[in-house]
Structure formats: C-alpha cells, structure tokens
Amino acid sequence: MSMYGNRAAGSKKRVLVVGAGAARMSCAHHLAEHPDKFDVTLVEAQDYCGGQAFSIPINKEKFHASWINQGVKGGSYIFHHTMTMFAQQGYQAHPVELQVSFGKGTRFWTNNEIKRFRRMLSTVRTFEVLFALLPIKYLLKIFRFSAEFANVVRLCTSPTFGMWYPPDEISVASNMPPMVVFPNLGKFYTSWKNSLEGKGVHVRVRMEVTSIVRRNKQGIVVRTVRRDPTDDAPHIPNSAWEVEEEYDEMVVCVLFRKKKVLGCAKFADDITVTHYDTEYMKRHYENFFNPEQAVDNLSGINQMQRVEMAKRSFKPMYMIKMYPKDPNKLEMCFDCTNYQAQFPEEVPFGDHIFQTIFLNKSRDGPFLWHQLCHSFTHYLTVVPWMCFLQGRNNTRFAGSWMLVNAHEVAVISGIAAAVNLGAKYPEDLERDRFAFLGFRLYYLLQYRR
Ligand SMILES: Cc1cc2nc3c(=O)[nH]c(=O)nc-3n(C[C@H](O)[C@H](O)[C@H](O)COP(=O)(O)OP(=O)(O)OC[C@H]3O[C@@H](n4cnc5c(N)ncnc54)[C@H](O)[C@@H]3O)c2cc1C
C-alpha cells in the first residue's frame, strides 16, 4: 500500500512534483498557496533543492569570499519571476555590467565584421518568412561569415548573455550589457524549501522516482526509492527497497524516453571546472587592459571615453577561448571574482577564482552538466508539440528544457503547471505587465490557452 495512498480529507488533489529544481520548486510554491485544494509532495533525488542552481563553499582566506554560485550565476533584468521568488525569501539579485573578453592576442575579437552583420540582419528582416526557422550557424554560412565570428554570434544569442538585449547600434552586442548576479543560491533554495515545508508541502530529498507504474485519468502510481546517503554516490536501484505511491496528478521534470516528442529532446553534456589556475588564464585569455586591442573608433563614433574607463577598470567576467584548429569548438570561462557580488572590488589576480566550461562531452571528455541543447531540431520536434502532452494522463511537464535553458523559464514553467492544475497566478506578478505577458505567452505555447 502506498505511503501517500489515502485520499486526503475534503478531496484535495494529491499532487506529486518530481525534482526540486527551479521549475518544480515554483510549481510546489504556487500549489501550496491553496492548501484547501492541493496536498503537495515534492520528491528530489539529490540531498538538496535547487537542481542545477547551487553554491559551493570556497576558502575565504585565499579567495576573499566564502562561497560561489556554481554554474548558474545570473541573468537579465527581465527575470521578474525569478527576482520575485528571491524577494519573497528575503534575497536579492545584484546589478552588474557584464564585461566580456572574447579571444586572445591576434584572435581577440574586435568588431571587423559588424557592418556586414548589420546588413545581413536587415536582409533577414525583409525576408523574415524565409529565414525564420533557419539555424543561425547556417545563416552565417550563407552570408559567408567566418567560423569564429559565427561562434561569437552564437554566444550573443545564448541565455546567459545576449539573448535578452537588442542589438547594439555599433557592435553585435553591447560589450557591457546590464545584468544581475544571483544571490547565494544554496541559501536561497534552503530558505525556499523551509518555507514550502512551513506551508505543508512534503519535501522529500534523497528520494528518487524510479518508474511510473501507471498514469491515466484514474491517477498516478509511481515507484520511489531512497538514495544512498553517501554524497553523489551512484544510485543502484534495488527493487527490494522500492515503494509504490499513488497520487492524483503529477508534475515532472523528467522525460519518458522513447516517446515520439519527448524522445526528440536534445541535451548537451558539458563539463565545468572550478579552478584558480591564473597561469592558464593568462596563457589563454585577455584578463587585463591591452592598449593594442582597444578600439578608439567604432563606425565613425569616438570611443575614447570607453577606452579611458577600460584603462581604469577593465575587469572581464565572461571570456571565450577559440581553438584555431577547430573554430566550432569553444571554451567559455567566468572570472567569478570579477562577476559575483560577494567578492570585494579589488582582489589581486593571483587570488581570483574561475569557472571554465568545456562545451560538449563528445569532444571534450567526461561531463558534469546534462543540459538543454538549443538546437533548431528541439524547436521543431519538441517545443511546438508539448502542448498536446500537457495535462494528458494527469501529467504536466515543467522545466527549462521545454523552451530556453534559463532559470527564469524554469520558474515560469513551474507556475504554468500550477496554474493549469487550478492554482492562481500571483497577484503581484499580475500587476507587473511585463512578467504577466511573458507568462501568458509561455502558457499559450504550452497549454494552448
Ligand atoms: C553550467 C550552467 C550554467 C548556467 N548558467 C545560467 C545562468 O547564468 N543564468 C540562467 O538563467 N540559467 C543558467 N543555467 C540554466 C539554469 O540553471 C537552468 O535552466 C535551471 O536551473 C533549470 O531548472 P529546472 O528546474 O528546469 O531543472 P533542474 O535544475 O535540472 O532540476 C531537475 C531536478 O530534478 C531532479 N530529478 C531528476 N530526475 C529525478 C527523479 N527521477 N526523481 C527525483 N528527482 C529527480 C534532479 O536531481 C534535479 O534536482 C545554467 C545551467 C548550467 C548547467
């Protein structure tokens, strides 16, 4: 018999929410606003909430701060839902002007191909219907841009950087876009978990859903198992310890493989290395102001003010290394000391801490992150069809993988699943026209309403 098998008094819906990442945390949060309607259980395989969003401790004496956010670090001012969730738990994101440094030495990326890029954009706009679904890498090939330039443009359309900003007047993207850096995500998610428990949500960490026994209009039956308490121990499913549980509805992050739509979702396997190898950084990146690379005139516009500012305080946060032998290959690096708000203004370069992200396991070795790959096939074979799966067999899907790999999208997707189950969209966000519009568009795409 299931641990949660009895229908709660007053016919509340028993909702199982699988995985305590940003998406399902926000789903559980909004369902928990209606204790009369829902009895919510949140099950997470890891021993913490937050999924891909978490912090790690570092040595304060060496690095001048005691923690860094691992992987997920920040976003745009338009992340209204994310920032509202932060505020509700007493946290806030900090403003930052993201300084970038792409390439090194003679391959340091300056704005040579910008003019042609602007011409390409106006052609694409004129014939939008023809170009709409063409992946940017093919588009750039057709217009005969170099592979290096294509790589940088791809970055400018990434969720971490350029996607949220209109093109700059004189360069592909502003070289100091205004952004926000996230607060201590470890602490934030712990506070959020405690607040959910305070509202009656059963949060069960180190508990994995191993299989779905039944899901149809009559309800949901899943098998769960407690994971090994050793940190990061590989889980060896042991059916002897499995428990069958019964619910009315389910919200999942996970994909049921082999199914037509879900089986097409594409993921990239990337590895992030957190390090303090300043020699490596000096060898491969431009970390300091270099007068030879400073551009004092862009498209006829004097840039001396910018150059003077860079002389005083060039602190690159987001850096790119290109591989001359394979221009499709990229290494991406964050100088966490320059970027994250918990570090003091001036820290000697020798005490900086970095995160280098090697993109793609098949080329670069073992992986750590299994994350949504923004391939055009994903947008053809998965995204448009998800609306036909949402709500079927009492199952809803939430997660950033359903649209764009960004924290904000994860939060919105969780709220959307909760609203579709009968929760209310929060009033404070409803008054925020931008947030509400973003939510409505997502809801229309995913739930056809
Ligand atoms: C290296 C890196 C850097 C990033 N940087 C940024 C950034 O700067 N800004 C930004 O906005 N976004 C960034 N992102 C993306 C962002 O972190 C994610 O889009 C978001 O956190 C995903 O949330 P989610 O809830 O969809 O999924 P996840 O966070 O992946 O949550 C899924 C959860 O489900 C659990 N789970 C899975 N299967 C089961 C099961 N069977 N039973 C129980 N539990 C299960 C997992 O353990 C996990 O906790 C980054 C991502 C990575 C990897």
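No lab work stands behind these numbers, since they all come straight from the coordinates. Bear in mind the structure is a predicted one, so any value in this text is a computation, not a measurement. Every residue, glycine as well, gets a Cβ built from its backbone with ideal geometry; the counts of neighbours run over all protein chains shown.
Key figures for this structure:
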| quantity | calculated |
| --- | --- |
| R0 of 35 Å, Cβ-Cβ distance Tyr379-Lys12: FRET efficiency to nearest 0.05 | 0.40 |
| Inter-label distance for Val213 and Asp228, nm, one decimal - labels placed 7 Å from Cα along Cα-to-Cβ | 2.6 nm |
| Amide H within-cut-off set for Tyr323, under 5 Å, with H built and near neighbours excluded | Lys329 |
| Under 5 Å, built H, 5+ apart or other chain: amide partners of Arg227 | Met207, Glu208 |
| Phi-based couplings in Hz for the stretch 441-448 (Karplus 6.51, -1.76, 1.60; Gly and Pro marked x) | 5, 4, 5, 4, 5, 8, 10, 6 |
| 3J(HN,Hα) from dihedral phi, the stretch 271-276, Karplus parametrisation 6.51/-1.76/1.60, rounded to Hz, x for glycine, proline | 10, 10, 10, 8, 8, 10 |
| The stretch 2-103: Rg to Rh, with Rh as the Kirkwood radius over Cα pairs | 1.10 |
| Long-range amide H partners of Gln303 with built H, under 5 Å | Asn297, Leu298 |
| Val243/Asp277 FRET efficiency (R0 41 Å; Cβ-Cβ; nearest 0.05) | 0.35 |
| Around Gly50: net Lys/Arg minus Asp/Glu count, Cβ-Cβ under 12 Å | +1 |
| Trypsin sites (Lys or Arg not before Pro) lying in DSSP loop within the stretch 263-342, provided at most 16 other Cβ fall within 10 Å | Lys266, Lys325 |
| Spacing of the two label points (7 Å from each Cα toward its C-beta) at Phe131 and Glu427, in nm | 4.7 nm |
| Greater than 24 Å apart at Cα, pairs in Lys217/Lys259; Lys37/Lys193; Lys60/Lys321 | Lys60/Lys321 |
| Leu121-Phe436 pseudo-label distance in nm [points 7 Å out on the Cα-to-Cβ vector] | 3.1 nm |
